[in-house]
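**Q** Below you'll find the structure I mean.
The values are calculated or read from the model by the stated rules, or taken from the named source; none is laboratory data. Given the structure is predicted, the values throughout are model-derived calculations rather than measurements. Here the Cβ is made from the backbone with ideal geometry for all residues, glycine too, and neighbour counts use every protein chain on show.
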Number of protein chains: 2
Amino acid sequence: MVARQTEIKPSVADDEFSFSPCPIRNVLDRIGDQWSLLVLEALEPQTLRFNALRRSIGDVSQHMLARTLKRLEQDGFVSRTLYPVIPPRVDYALTPLGRSLMVPLRDLMTWADRNHDAVCAARRAYRHTAS
Amino acid sequence: MVARQTEIKPSVADDEFSFSPCPIRNVLDRIGDQWSLLVLEALEPQTLRFNALRRSIGDVSQHMLARTLKRLEQDGFVSRTLYPVIPPRVDYALTPLGRSLMVPLRDLMTWADRNHDAVCAARRAYRHTAS
DNA sequence: CCGTATCCCAGAGGATACTG
DNA sequence: CAGTATCCTCTGGGATACGG
């Protein structure tokens, strides 16, 4: 998206989508935001209900958790199961697609863990040189 | 960051940093934006100058390319070499750290390529069900 | 309990103009 | 050539309030 939409786009109702022809963008636009990755991680070991998920992540607003879940569902990474009981109960779980995404994601997170210190060091070094 | 900064933060001058205690955030906040990944990809096979990089990527504004490069440099993923000639010449290249980051990133991009269709299909399916 | 609606702010990102 | 400065817009994301 982004790239020169320029013209009419008659007020798409939020849950509209914006296909990028570029596969990488389609994935990274989802992963890159603040919460998607945290949600996927929380759901990997177990199915969770909305509020359990919320507590598990910690400081996410319900507003953003709802949005994030909806988009993850749209993209087929997460499944949503509604039980028609009172009070309502909704289970979220990873789909096979979501589970397969976790594989490369795990590697990336492992890299981040291992190289976190190097990145911090680089940032400090930068402050010296570029006084 | 984000998490309840709440208080005073005396106008940090753009190139200031915001250490997240979470390694994943530090990496994803860099990777997740619009251009960082494209820049890293463009620099993987070869060192490039500013405008060559810009053409290579295509539609990035020079404003954002400059910002992106500065941050990638701060984090130690990209090196910047200035040759004091006229007109000025600046070379950008991947550092070893940046190169090592490309490994898990490649896997992620490969996944994205292979599963792009599945994601698009999921999005279309969603529109049906949730008419 | 599980959300949606509303309001608001900060930052991403484009366009254009200017400098060494 | 390689940026910086300025202005603008649009979306991410928090807070709060409301509805089923």
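**Q** Test B:Arg55 against the stated conditions and say whether it is away from chain A (no Cβ under 12 Å) and of a type outside the set (Phe, Trp, Tyr).
**A** Answer is yes for this residue.
**Q** So, one more: I want to confirm something. Restricting to the stretch A:40-52 and keeping residues that are within 14 Å of chain B (Cβ to nearest Cβ) and more than 21 Å from B:Leu37 (Cβ to Cβ), which single residue is farthest from DNA strand D (Cβ to nearest atom)?
**A** Restricting attention to the stretch A:40-52, the residues satisfying the condition of being within 14 Å of chain B (Cβ to nearest Cβ) are A:40-42, A:44.
Subset that is more than 21 Å from B:Leu37 (Cβ to Cβ): A:42, A:44.
On the way: A:Ala42: 15, A:Glu44: 20 Å.
Within the stretch A:40-52, the match that is farthest from DNA strand D (Cβ to nearest atom) is A:Glu44.
**Q** Could you please find all residues in the stretch A:57-70 being modelled with pLDDT under 95 and touching a helix residue (DSSP H, G or I) at 6+ places or on another chain (Cβ under 8 Å)?
**A** A:Ile57, A:Val60
**Q** If I go through the stretch A:92-110 residue by residue, how many of them are charged (D, E, K, R) and either part of a strand (DSSP E or B) or out of contact with any helix residue (DSSP H, G or I) (no Cβ under 8 Å at 6 or more places or on another chain) (or both)?
**A** 2
**Q** Is there a residue in the stretch A:21-31 that is at the interface with another protein chain (Cβ under 8 Å from one of its Cβ atoms), within 11 Å of DNA strand D (Cβ to nearest atom), more than 25 Å from B:Thr129 (Cβ to Cβ) and modelled with pLDDT of 80 or more?
**A** Looking through the stretch A:21-31, none of the residues is at the interface with another protein chain (Cβ under 8 Å from one of its Cβ atoms), within 11 Å of DNA strand D (Cβ to nearest atom), more than 25 Å from B:Thr129 (Cβ to Cβ) and modelled with pLDDT of 80 or more.
**Q** It is to be established whether one or more residues within the stretch A:111-122 are in contact with a Gly (Cβ under 7 Å, 6 or more places away or on another chain), among the small types (Gly, Ala, Ser), in a helix (DSSP H, G or I) and facing another protein chain (nearest Cβ under 9 Å). Before the answer, list the steps.
**A** So in the stretch A:111-122, the residues in contact with a Gly (Cβ under 7 Å, 6 or more places away or on another chain) come out as A:118-119, A:122.
Now drop any that are not among the small types (Gly, Ala, Ser), which leaves A:118, A:122.
Applying the additional criterion that residues be in a helix (DSSP H, G or I) yields A:118, A:122.
If we keep only those that are facing another protein chain (nearest Cβ under 9 Å) as well, we get A:118, A:122.
Among the residues of the stretch A:111-122, at least one is in contact with a Gly (Cβ under 7 Å, 6 or more places away or on another chain), among the small types (Gly, Ala, Ser), in a helix (DSSP H, G or I) and facing another protein chain (nearest Cβ under 9 Å), which makes the answer yes.
**Q** Can you find a residue that is surrounded by 17 or more Cβ atoms within 10 Å (Cβ to Cβ) and within 17 Å of A:Gly32 (Cα to Cα) anywhere in the stretch A:111-125?
**A** yes
**Q** If a residue has to be without any contact (Cβ under 8 Å) to a residue 60 or more places away in the chain and surrounded by 15 or more Cβ atoms within 10 Å (Cβ to Cβ) to count, how many in the stretch B:81-108 make the cut?
**A** 11
**Q** If I ask for residues that are within 9 Å of DNA strand D (Cβ to nearest atom), under 17 Å from B:Asp33 (Cβ atoms) and more than 10 Å from chain A (Cβ to nearest Cβ), which ones from the stretch B:65-91 would you list?
**A** B:Leu65, B:Ala66, B:Arg67, B:Leu69
**Q** Being within 12 Å of DNA strand C (Cβ to nearest atom) and either in contact with a Cys (Cβ under 6 Å, 6 or more places away or on another chain) or of a type in the set (D, E, K, R) (or both) is true for just one of B:Arg25, B:Arg89. Which residue is that?
**A** Just one listed residue meets the conditions, B:Arg89.
**Q** Now a separate question. Within the stretch B:71-79, does at least one residue satisfy the condition of being in a strand (DSSP E or B) and of a type outside the set (Lys, Arg)?
**A** Yes, the stretch B:71-79 contains at least one residue that is in a strand (DSSP E or B) and of a type outside the set (Lys, Arg).
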